[in-house]
1. Please determine whether any residue of segment 220-235 is in contact with a Ser or Thr (Cβ under 8 Å, 6 or more places away or on another chain) and of a type in the set (K, R).
2. How many of the residues making up segment 253-283 are open to solvent by 10 Å² or more (accessible area, probe 1.4 Å), at pLDDT 95 or above and either among the hydroxyl-bearing types (S, T, Y) or closer than 19 Å to I110 by Cα (or both)?
3. Tally time: how many residues in segment 131-147 are touching a strand residue (DSSP E or B) at 6+ places or on another chain (Cβ under 7 Å) and either modelled with pLDDT of 90 or more or more than 21 Å from P255 (Cα to Cα) (or both)?
4. Quick check on this structure: which one of R194, R160 is among the basic types (K, R) and at pLDDT below 95?
5. Just checking, how many residues over segment 37-66 are aromatic (F, W, Y) and either surrounded by fewer than 20 Cβ atoms within 10 Å (Cβ to Cβ) or at pLDDT below 85 (or both)?
6. I'd like to check something: does segment 228-250 contain any residue that is in contact with a Pro (Cβ under 8 Å, 6 or more places away or on another chain) and in contact (Cβ under 8 Å) with a residue 40 or more places away in the chain?
7. Taking segment 284-336 only, how many residues are open to solvent by 10 Å² or more (accessible area, probe 1.4 Å), of a type in the set (D, E, K, R), in contact with a strand residue (DSSP E or B) (Cβ under 9 Å, 6 or more places away or on another chain) and touching a residue at least 24 places away in the same chain (Cβ under 8 Å)?
8. What's the number of the condition G240 fails, among (1) open to solvent by less than 30 Å² (accessible area, probe 1.4 Å); (2) at positive phi?
Amino acid sequence: MASSQVARRISSLFSQIRDMMDTTPVTRRKHAVLDLMSAFGNKHNVVLVEKNSHFQHLFAFPRISAVPGFAQKAFVPFGFSPKTSGSRLVRGVAERITGTSVVLAGGEEIPYDFLIVATGTSGSSAFKGTEEPSQLIGTDKKTETEKFKTLQAEVENAGRVAVVAVAQLAFDVKEYYPAKSVVLIHSRAQVMNRFDKALHDLVTSKFAKVGIETVLGNRVKTVRDGQDGKGRVVELMDGGEVQADCVISCTGSRPLSAPLLSLSPSAVDPATGFVRVKPTLQIHPSSAADPEYPNVFAIGDVADTAAHKAARPAFGQIEVVVANIRRLMRGKGEALEEYVVPPVSIHLALGLRESVKFRNPLRIGEGAGMSVGNDGDLEMGCGKMWARRARDTTTR
């Protein structure tokens, strides 16, 4: 199928990111791949295969787990501007991938000339401790909003709240409900362990200042009901226990790479479930038994790019993919662009308004980059996302 004769079809798979780990201002690749639709949609047929009813603004998910009033705003309609008029959305769950199409649950096939796998990660069963590839499951806005409202009510009615793994959520609970007792449980001795210790020092000093307890360097074994069904008990691996009225667990992400197993099993790392990729972000089979697929790319959390799992790296990845697809379309044998892993950085909320922009040291012996501000948005940018993604839509 020559590009000069027909429009290229580029299918993209997306994720529902349910884990809210330290890198939560992580999430999350839909921003980047929607931008791909702008890059190609005016000249080519771009098909977005999406399992969820709405775009999920995951930056807001920790906040709406505790703070009421705007959970519905974190679910944004998929609006397409005239610039992306060549694009279309197919609501469905990708079950498997062939060399020419994406097969949805129910049997529908979406053909492609180029494929971008951006399925991300999903929360596993609590404390299961497995990283095997996971299948995709679709969600709808109404159901997910109600889940968050139920969680908000549990937090409101609790006297003591235990948060497992997510510093931002602990800060939000304590600032919105200052009279509540809040404890953060983290499996690592260093909070924000992917970052320089300077961030740990900042976060833990803020914990002490606002009165958040910490249990660090101790992994959760299980969570059970308290005596006579009252409250919850977090059992720790060292035999200790933490009592709470409400426990919010934010651990256990699994790569959503299962659909790719039907195309190239050895491109999925059996130990981690992440998709092996070349520096060009094309999938990278590790076995000679699996053919090369130069037209299939993987980006974001599901891809083993060596970048940290966050939004900013994904934007850089999509730029590389766009450039490489264009070069492959031209068919001139041009060298493909390679992805350069950026410095590890994060924009972390330290409460409802305060936040820190943090970057790991660029070189040995150099200090970390850090800027603390107090101009945060209570709704974590939901309004901006509606203006950006759904300005012209009337569907809610």
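The values are calculated or read from the model by the stated rules, or taken from the named source; none is laboratory data. None of these values were measured; they are calculated from a predicted model. A quick note on method: Cβ atoms are made from the backbone with ideal geometry, for glycine too, and the neighbour counts reach across all protein chains shown. All accessible areas refer to the heavy atoms of the entire protein, side chains included, with ligands and DNA or RNA removed. Shrake-Rupley method; radii C 1.70, N 1.55, O 1.52, S 1.80 Å.
1. No, segment 220-235 has no match at all.
2. Number satisfying all stated conditions: 5.
3. Residues meeting the conditions: 3.
4. Numbers: R160 fails: at pLDDT below 95.
Within the list R194, R160, the selection yields R194.
5. As a first pass, look at segment 37-66 and keep what is aromatic (F, W, Y): 40, 55, 59, 61.
Those left that are additionally either surrounded by fewer than 20 Cβ atoms within 10 Å (Cβ to Cβ) or at pLDDT below 85 (or both): 40.
Residues in segment 37-66 being aromatic (F, W, Y) and either surrounded by fewer than 20 Cβ atoms within 10 Å (Cβ to Cβ) or at pLDDT below 85 (or both): 1 in total.
6. Restricting attention to segment 228-250, the residues satisfying the condition of being in contact with a Pro (Cβ under 8 Å, 6 or more places away or on another chain) are 250.
With the extra rule that they be in contact (Cβ under 8 Å) with a residue 40 or more places away in the chain, the set shrinks to 250.
There is at least one residue in segment 228-250 that is in contact with a Pro (Cβ under 8 Å, 6 or more places away or on another chain) and in contact (Cβ under 8 Å) with a residue 40 or more places away in the chain.
7. Within segment 284-336, residues that are open to solvent by 10 Å² or more (accessible area, probe 1.4 Å), of a type in the set (D, E, K, R), in contact with a strand residue (DSSP E or B) (Cβ under 9 Å, 6 or more places away or on another chain) and touching a residue at least 24 places away in the same chain (Cβ under 8 Å) number 3.
8. All conditions are met except number (2).
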